[in-house]
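Undergrad: First the structure, which I've put down as structure tokens, then a few questions once you've had a look.
Just so it is clear, none of the values below were taken in a lab; they were calculated from the coordinates. Quantities reported herein were computed from a predicted structural model and do not represent experimental measurements. Backbone-built Cβ (ideal geometry, glycine too); neighbour counts: all protein chains shown.
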Amino acid sequence: AQSVSQHNHHVILSEAASLELGCNYSYGGTVNLFWYVQYPGQHLQLLLKYFSGDPLVKGIKGFEAEFIKSKFSFNLRKPSVQWSDTAEYFCAVHENRDDKIIFGKGTRLHILP
Amino acid sequence: GAGVSQSPRYKVAKRGQDVALRCDPISGHVSLFWYQQALGQGPEFLTYFQNEAQLDKSGLPSDRFFAERPEGSVSTLKIQRTQQEDSAVYLCASSLRPGGTQPQHFGDGTRLSIL
């Protein structure tokens, strides 16, 4: 079955620490990849996306993600986190032959001031 | 702003009651999705509309769940004879055009609690 795995359910970091959130997917075909973020009390919003081209994509607020096809991975990174990055982060995958997007279970990130 | 609007924000119902959840997508958006998000989980796909056509309902968990979008804009998700396991946040999302390259814009969701 199609699946998206996020390795860390809950991450706690201090401000200025570096961040990497893991995401692996199970599809073998062409995929589009997304990271969505949900800040406390807000709706899900798009952080960044990968469709084709440069496998290193940059999103809003200093986030970036790298698509490694051989590892079926799309890990999210930020060199130096801020308290305002406290949120839940969801990796999502769309397979080109389908309509729907499959989400991971999410990683809750808590940044200590 | 003109985002995706869902109502009600919160709904409490007794087991066995029917509920209806409404989604107003962004004006002009062709695609509309419904998701169910249980506590501690990511959104799980329920169904997809392209204009008024329901193209995929493979995620609906049972025949108690029914969705419609009769005029290709507002959509309603109906759950009949609710059960406790239906308690979740129901999210609606819309995108401008079909296809997985289109970002989805999410509403705030309806938190459904079944007593």
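Undergrad: Please give the contour-minus-distance gain from A:Ser80 to A:Ala16: 0.36 nm per residue of separation, less the Cα-Cα distance, rounded to one decimal in nm.
TA: Gain in length upon complete extension: 22.6 nm.
Undergrad: So which trypsin sites (Lys or Arg not before Pro) in segment A:23-102 are both in a DSSP loop and have at most 11 other Cβ atoms within 10 Å of their Cβ?
TA: Qualifying residues, ordered by number: A:Arg97.
Undergrad: Put a dot 7 Å past each Cα toward the Cβ at B:Lys78 and A:Arg108; how far apart are the dots in nm?
TA: For A:Arg108 paired with B:Lys78, the spin-label model returns 3.6 nm.
Undergrad: In whole angstrom, and with the biggest value first, how far do the Cα coordinates of chain B range along each principal axis?
TA: 38, 28, 25
Undergrad: For the protein assembly as shown, compute the number of Lys pairs whose alpha carbons are separated by less than 22 Å, excluding pairs fewer than 8 positions apart on the same chain.
TA: Lysine pairs satisfying the spacing and distance rule in the protein assembly as shown number 22.
Undergrad: Sticking with this structure for a sec: Run through segment B:65-115 and list the GluC sites (Glu not before Pro) located in a DSSP loop whose Cβ has at most 13 other Cβ atoms within 10 Å.
TA: Counting only loop positions with at most 13 other Cβ atoms within 10 Å, the GluC sites (Glu not before Pro) in segment B:65-115 are B:Glu71.
Undergrad: Let me ask another. Return the distance in nm (one decimal) between the two label points of a simple spin-label model at B:Arg64 and B:Arg15, each offset 7 Å from Cα along Cα→Cβ.
TA: 0.9 nm
Undergrad: Residues of A:38-51, mean number of Cβ from any other protein chain within 10 Å of their own Cβ, rounded to a whole number?
TA: Per-residue shielding by partner chains comes out at 3.
Undergrad: In whole Hz and in residue order, list the ³J(HN,Hα) couplings for segment B:47-61 that follow from phi through the Karplus curve 6.51 cos²θ - 1.76 cosθ + 1.60, θ = phi - 60°; x for Gly and Pro.
TA: Along segment B:47-61, the couplings run 7, 9, 10, 10, 6, 8, 8, 8, 8, 8, 10, 5, x, 5, x Hz.
Undergrad: Also, quick follow-up: I need the GluC sites (Glu not before Pro) found in segment A:1-109, filtered to DSSP loop residues with at most 16 other beta carbons within 10 Å of theirs.
TA: In loop regions of segment A:1-109 (DSSP not H, G, I, E or B), the sparsely surrounded GluC sites (Glu not before Pro) are A:Glu15.
Undergrad: For the pair B:Ala2 and A:Tyr39, how long in nm is the line joining their label points, each one 7 Å along Cα→Cβ?
TA: 2.3 nm
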